[in-house]
Amino acid sequence: MSLKIEIQVVDSLVEVSAGDWNVLCESNPFVSHEFLSAMHDTGCAVRDTGWQPFYLLMRKGADLAGAMPLYLKSHSRGEYVFDHAWADAFKRHGLRYYPKLLSAVPFSPVTGPRLLAASHADRVLLARGAVQLAKQMDVSSLHVLFPHEADLDALTEAGYMLREGVQFHWENFNYRDFDDFLSKMSHDKRKKVKQDRRRVMEAGVTFRWIRGADIDSRALDFFYACYENTYREHWNPPYLTREFFERVHSTMPESIMLVIAEANGRELACALNVIAGSTMFGRYWGTTEFVSGLHFETCYMQGIQYCIENGLSSFEGGAQGVHKMSRGLLPTATWSAHWVADRRFAHAISEFLDEETAAMDAHIDELEAHTPFKRHQARQSDS
């Protein structure tokens, strides 16, 4: 006798067991009970900021068999998959695009599981359950951003359209040390990295790495001041609060690593990275003053060096940025999935995505032809 399957929606994880939820999230910190709860409890991802939680839960009997982080969005900010042209087209035709449903990690363009379930069949059920919810709520569309590959087949089977994007990720091909990594780069790229690092060193800048329990309140205060300054320079308030970072550090400390740049006895800049298994994600950074090369060194080269010295297999450098290739981060296809209620717009968007995917494939091929590595190393990396 099969167990009864029930799908329900909750607006908070308060009454969901952290243990039951985290069993489903593949040890990915960004969709963990702790990380998502911190987003909501500290006021970062809530209705007032345009991120109203609508979590989808799938139970088999009394057991939690699946879950999907969902948000009702009143805008498209903080997503990093751009659908502003779609919203504009809806508006020009007198149709309402917002609110829409979104499955993503708020303010974080990181790949990871979105259909939290142990089997393909259960992932399909979740994907279809989300579509049914979208129909019941009478929203324009439903979007799933940066899902793992394991989710893509289920999303396609459930009737979603796939959209391809590109990010720049670094892979560790068993480098002995940072010099070994540099030795695999082409002469001009290796020379450029060394010149940039030399400028930073000649400015008297040194770096230290702090992880987990070694991060104290003072270090978090300095990081947040840098993070806040980055937003202030762009005339925007920061998405995340100091309380959010405090909460995440207290509940999942080993996932957090800070790179702090110092010169002449004072701290200059800081980058916060998140570690998930053998992957490190570059997330947030800021500086108190400009030093030539400091951004690339703090955000990318120090992260790569940390991965090599600590045996991590990959480093995801965040959204966009062809300039990252010269630092050894290579183009990597990313995906999003989309369901659109209006059949006319769904057809038009499907045709657009066919053309965009072909163009994106050609763009990635062109980027790969300009690898920063020596040709024999590039072939080894692709093998």
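Maximal additional length on extending the Lys91-Gln136 stretch stands at 14.0 nm, based on 0.36 nm per residue less the C-alpha distance.
Neighbour counts of C-beta atoms inside 10 Å place Trp335, Trp235 in the sequence Trp235, Trp335, starting with the fewest. Adding -39500 (n - 2.57) for every DSSP H run of four residues or longer, then dividing by how many residues the chain holds, sets the calculated 222 nm ellipticity at -11500 deg cm²/dmol. About the centre of its Cα atoms, region 173-312 shows a dipole size close to 500 debye [charges on the beta carbon of Lys, Arg (+1) and Asp, Glu (-1) only; nearest 20 debye]. Using the Cβ-Cβ distance between Asn229 and Ser278 with R0 = 30 Å, the FRET efficiency computed as 1/(1 + (r/R0)^6) comes to roughly 0.40. Sites listed here are chymotrypsin sites (Phe, Trp or Tyr not before Pro) in region 253-330 whose DSSP assignment is loop and whose Cβ has at most 12 other Cβ atoms within 10 Å: Phe290. In this Cβ point-charge picture (+1 for Lys and Arg, -1 for Asp and Glu), the chain has a dipole of about 540 debye about its Cα centre. Extents of the chain, taken as max minus min of Cα coordinates on every principal axis and listed largest first, are 65, 48, 46 Å. Ordered from longest to shortest, the equivalent ellipsoid semi-axes for region 173-312 are 25, 19, 13 Å, each the square root of 5 times a Cα gyration tensor eigenvalue.
Taking a straight Cα-Cα cut-off under 23 Å and skipping sequence neighbours fewer than 8 places away in the same chain, the lysines within cross-link reach of Lys91 are Lys73, Lys100, Lys135. Near Ala225, once Lys and Arg are set to +1 and Asp and Glu to -1 for all other residues with Cβ below 12 Å from its Cβ, the sum equals 0.
All of the numbers you see were taken from the coordinates with simple rules; none came from a lab. Quick caveat: nothing in here was measured; it's all calculated off a predicted structure. Positions of Cβ are backbone-derived with ideal geometry, glycine not excepted, and every protein chain shown enters the neighbour counts.
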